[in-house]
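> Let me begin by handing over the structure; questions about it come next.
What follows draws every value from the coordinates through simple rules; no lab data is involved. Since the model is a prediction, treat every value here as computed from it, not as a measurement. Using ideal geometry, Cβ is built from the backbone for each residue, glycine included, and neighbour counts are taken over all protein chains shown.
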Amino acid sequence: MSIHADQTDFHLSNPFMSLVLSLHSMVDGSVTPLMRYMGARLPTGDFHTQPLDDHEQQGSFDLPDTLLPFACPTGGHGDNRPTQLTLLGGDGNSCTRLSYRSHAVYAGRKSLAGLPATYVEAPEEAETLEFLLVDELRNAEVRLRYTLFAHRAALAVSLEIANKGQEPLILTEAASLCLSLPGPYEMIHLYGAWGRERWVERTPPMHGERAIGSKRGASSHEHNPFVCLVRPDTTEFSGEAWGINLVYSGSFTLRVHQDAYDQTRLVGGLACDGFRWTLSPGESFQTPEAVLVYSDRGLNGMSQSFQSLYRERLCRGLWRDRERPVLLNNWEATYFDFNEEKLLGIAKAAKALGVELFVLDDGWFGRRDSDNCSLGDWTPDLRKLPGGLSSLSRKLHELGLMFGLWFEPEMISPDSDLYRLHPDWCLHAPGRHRTTSRNQLILDMSRPQVQDYVTETLSRQLAEGSIDYVKWDMNRNFTEIGSLELEPSRQGELPHRYILGVYRVMEALTARHPQVLFEGCSGGGGRFDPGILYYMPQIWASDNSDAVERLKIQYGTSFPYPPSAISAHVSAIPNHQVRRKTGLDIRGHVAMSGVFGYELDLSAMSLEEQTRVAAQIALYKEIRPIIQHGTFTRLLSPFEGNLCAWQFTGQDHVLVFVFQVLQHAAKLFPSVKLHDLPQGIYQDMDNGLRHDSRFLERVGLTLDFGAAVPAQGDGDFSSRLIRLTRCQE
Ligand code: GLA
């Protein structure tokens, strides 16, 4: 890895990629960094970029501001593409002009105050180029930081804006990154809804703007803060891809703009709609981080870079590298209808089958027999748990199970003691109706006293109940976005201040209770993002646990996120979300492809089913290290056909999961080609057959789903797990 800087050119490179920036003099005398190249590695050493002619480019009459590939484009200057930073001063106009003042190159990277971010464990793991850019008229200093990881095809980018003057400045736009690339690109993003999160959509290039985002206060079910730009010929296995992911859990915007000259600009960060942040003299504002990954090994190459970065240098704490426990969650087994005896009955059956962690979901606190009350009153309901949490906890621990608990810390029910005491603690706009969703309001997490209440209340319950695991839920989005705490001119700061408050509480709780495994959740997968992964190494991917539906959800989720983060459960049939009946094998295989668990009453299953569950759990424990730490490769997309397949590659073991949605008569057996295997001879651990790695990659595994003799075949919703061991190099 190296960062080569001379008078005007900067070349950041590692074995996988290069970023080239150069300084450009504008007609007004300012000097601005341009992004000249971002892609496959270029040779290092002395080289100089050609100066760009900003006046007569391509014979155009356009102004330079509409043409140049600015590294940090600013507002109010005639650049008609999406811009990254706009600062208003006392004159009220949006004219923002940054000029290069100096730069620094240093080993390692800086952490971002109050915000989640990727990190290094030793300075030699990364190098940072930091530009100091100045708007003299506004007395503003902007630090634009690019951190290149030494052994990863990944860059971390962010901006810090400081007010060095005597007058307040107003930020109306402060995005995390701007990526400039020549040429048109197809765009891939992950869209969805509750129960249908992170489906993959690929759109053709378009002149003008394609934008995704969320104004919901959470990164959302509807759009993930992830976008990928690709060439038309890029596939899962080959071609170029530029992936961008925001390390942020709140409202965001990602905009891809293609101008009339086919230049592409991508700007991403905090949602700009309604954003207005007052920067008082002496204060600074740090944007969230954006992670940029480059791949010339197709989409799988991009995903693998994101996944290993997140597994190793975004997730933190004891549970980052530990094998995650197989859990049993009581939600779909009992909903709100349980008592200690019933829970212990399920827990005993679970323990006997190999489960390691029992999770008590919603309904254990206040007087919550349905979703219409008690959020905020985090004390155990003694009608259901007469001995409180400590008694249940002791009994579960005596059984040899860990004990996990559900919270929805950011919420308040109008019917709660907390609301009766503090009716002003929720987000609301004076004089307006307070809109409930799932019968609840949102706590104003921007307020320090609310943050402290949540931290102390949860902390007490975690200690008193000897809790080993927390499921942190968040079940509704913003309405009436107002805060009592903020003066009128600062109301536009609320969505970001809310998330900063949530992060402050998450930081405090994870630091105080380092042994606790935290799992994120938001009405299923409504806040599945890198910001949450910094505090919680796993996230519930979707409330939809139907095996067929989960193929698409987990396939899409894996574009940026590792399987070790994707929480997945085997649930009952008919499935509670779509009423589909699928076999135990496919439900097991789909859930085993992530962090594995069950969400049904194991004590109510037949003996035969219980035996199969015990075998599934034993199998998962055997393959868990490869699932959680191996290399994940998507082989066949559920969005493109009836088959779906993915591969986990470990040192000497390979796992191939193949799923067939519908059975058809008179079809040839499908074959599935494996990818990027370490060379050698592999033996199938179940039938003993041996195959050369080149055979497995070029010819593939032929799978017999029994279609030739339908009456004897598997029928619909079938699956296979093929386990291969490398026995010879
Ligand atoms: C959300 C979660 C579910 C469950 C319920 C409980 O919907 O996604 O898993 O915890 O809340 O109310």
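> Just want the ordering: V578, V200, from fewest to most Cβ atoms lying within 10 Å of their own Cβ.
On the way: V578 13, V200 22.
Fewest to most other Cβ atoms nearby, the residues stand as V578, V200.
> Placing +1 on the Cβ of each Lys and Arg and -1 on the Cβ of each Asp and Glu in region 486-570, which of I539, H496, V570 has its Cα farthest towards the positive end of the resulting dipole?
Most positive-ward Cα: H496.
> Another question about this same structure. Need the full-extension length gain, Q50 to D273, defined as separation in residues times 0.36 nm minus the C-alpha distance. One decimal, nm.
Numbers: separation 223, 0.36 × 223 = 80.28 nm, distance 3.75 nm.
Fully extending the segment from Q50 to D273 adds 76.5 nm.
> To continue, here is another question. With the contact rule set at Cα under 8 Å and sequence spacing of 6 or more, what percent relative contact order holds for region 9-157? Intermediate values should be presented prior to the final figure.
Working: 283 pairs, mean separation 26.2, N = 149.
Averaging sequence separation for qualifying contacts and normalising by length gives 18 percent for region 9-157.
> Note down the magnitude of the dipole of region 590-707 about its Cα centre, charges +1 on Lys and Arg C-beta and -1 on Asp and Glu C-beta and zero elsewhere, to the nearest 20 debye. If you can, show how the numbers build up before the last one.
Working: 9 positive and 13 negative charges, 67 e Å.
So the dipole magnitude of region 590-707 works out to roughly 320 debye.
> Can you tell me the equivalent ellipsoid semi-axes for the chain? Use √(5λ) from the Cα gyration tensor, largest first, whole Å. Don't skip to the end; give the middle numbers.
Details: eigenvalues 376, 242, 87 Å².
Here the semi-axes work out to 43, 35, 21 Å.
> While we're looking at this one, here's another question. Once you place label points 7 Å from the Cα toward the Cβ at E485 and R320, how far apart are they in nm?
Output for this residue pair reads 2.9 nm.
> Report the full-extension gain for the segment Y106 to D692: residue separation times 0.36 nm, less the Cα-Cα distance, to one decimal in nm.
206.3 nm
> Shifting gears a bit: From the helices alone, meaning DSSP H stretches of at least four residues, give me the mean residue ellipticity at 222 nm for the chain, per-run term -39500 (n - 2.57), in deg cm²/dmol to the nearest 500. It would help to have the intermediate numbers written out before the result.
Working: 12 runs with 142 residues, N = 729.
Theoretical 222 nm ellipticity from helices: -6000 deg cm²/dmol.
> What list of ³J(HN,Hα) couplings, whole Hz, do you get for region 333-350 from phi and the Karplus terms 6.51, -1.76, 1.60, once you set θ to phi - 60° and write x for glycine and proline?
7, 10, 6, 8, 9, 8, 9, 4, 4, 4, 4, 5, x, 5, 4, 4, 4, 5
> Oh, and also: List every residue whose amide H lies under 5 Å from the amide H of R434, counting only residues 5 or more places away in sequence or on a different chain, with H placed 1.01 Å from N in the peptide plane.
none
> For the chain, build the charge dipole from Cβ charges (+1 Lys, Arg; -1 Asp, Glu) around the Cα centre, then report which of L23, A350, H691 sits farthest towards its positive end.
A350
> Let me ask something else. Between L668 and D28, what is 0.36 nm times their sequence separation minus the Cα-Cα distance? Round to one decimal in nm.
Numbers: separation 640, 0.36 × 640 = 230.40 nm, distance 6.90 nm.
Going from the current span to full extension adds 223.5 nm.
> How high is the FRET efficiency between H151 and D9 when r is their beta carbon distance and R₀ equals 25 Å, given to the nearest 0.05? Please list the in-between numbers first.
Values: r = 24 Å, r/R0 = 0.98.
Taking R0 as 25 Å, the efficiency between H151 and D9 is 0.55.
> Using a 7 Å offset from the Cα along the Cα-to-Cβ direction at both E124 and N439, what is the distance between the two label points in nm, to one decimal?
6.0 nm
> Roughly how big is the chain's charge dipole about its Cα centre, with Cβ charges of +1 (Lys, Arg) and -1 (Asp, Glu), in debye to the nearest 20?
Numbers: 69 positive and 89 negative charges, 269 e Å.
Charge dipole, the chain, about its Cα centre: 1300 debye, nearest 20.
> May I ask you to derive the relative contact order of the chain, considering only C-alpha pairs under 8 Å and at least 6 residues apart, and to give it as an integer percent?
Numbers: 1792 pairs, mean separation 73.4, N = 729.
So the answer I get is 10 percent.
> Between L421 and D233, what is the label-point separation in nm under the 7 Å Cα-to-beta-carbon projection?
About 6.6 nm, to one decimal.
> OK, next. Normalised by the residues of region 87-216, what does the relative contact order come to in percent, with Cα pairs under 8 Å and at least six apart?
Details: 205 pairs, mean separation 23.8, N = 130.
Value for region 87-216: 18 percent.
> Follow-up question, since we're still on this one. So what's the projected area for region 96-150, the Cα convex hull averaged over all directions, in nm²?
Numbers: hull surface 17.8 nm².
Approximately 4.4 nm², given one-decimal rounding.
> Report the semi-axes of the equivalent ellipsoid for region 432-479 in whole Å, largest first, where each axis is √(5λ) for an eigenvalue λ of the Cα gyration tensor. All intermediate terms of the calculation are to be shown ahead of the outcome.
Values: eigenvalues 129, 41, 12 Å².
Gyration-tensor ellipsoid for region 432-479: 25, 14, 8 Å.
> Order of 490-499, 356-365, 423-432 by packing, highest average Cβ count within 10 Å first? Display every interim value, and only then the final one.
On the way: 490-499: 21.2, 356-365: 23.6, 423-432: 15.5.
The most tightly packed comes first, giving 356-365, 490-499, 423-432.
> Also, I was wondering about something else. Measuring from a point 7 Å past the Cα of N642 along Cα-to-C-beta, which residues in region 538-570 have an amide N at less than 20 Å?
Only 547-552 pass the distance filter.
> Calculate, for V699 and N80, the FRET efficiency according to 1/(1 + (r/R0)^6) with r their C-beta to C-beta distance and R0 41 Å; round to the nearest 0.05. Don't skip to the end; give the middle numbers.
Working: r = 53 Å, r/R0 = 1.29.
Once the sixth-power term is evaluated, E becomes 0.20.
> Please arrange D273, D714 by counting, for each residue, the other beta carbons lying within 10 Å of its beta carbon, fewest first.
Working: D273 11, D714 18.
Final ranking by Cβ density, sparse to dense: D273, D714.
> For region 173-228, what does the convex hull of the Cα positions come to per residue, in cubic angstrom?
Convex hull of Cα atoms, per residue: 99 Å³.
> Determine the alpha carbon to alpha carbon distance for each of K552/K581; K348/K581; K552/K667; K351/K395; K348/K621 and list only those over 21 Å.
Details: K552/K581 17 Å; K348/K581 26 Å; K552/K667 23 Å; K351/K395 12 Å; K348/K621 19 Å.
The answer is K348/K581; K552/K667.
> Continuing with this model, one more query. Rounded to the nearest 20 Debye, what is the dipole magnitude of region 386-438 about its Cα centre when Lys and Arg each give +1 and Asp and Glu each give -1 at the C-beta? Mind showing how you got there, number by number?
Working: 6 positive and 6 negative charges, 18 e Å.
So the magnitude is around 80 debye.
> Give me D369, D686 ranked fewest to most by other Cβ atoms within 10 Å of their Cβ, as a rough exposure proxy.
On the way: D369 15, D686 11.
So the residues, fewest neighbours to most, are D686, D369.
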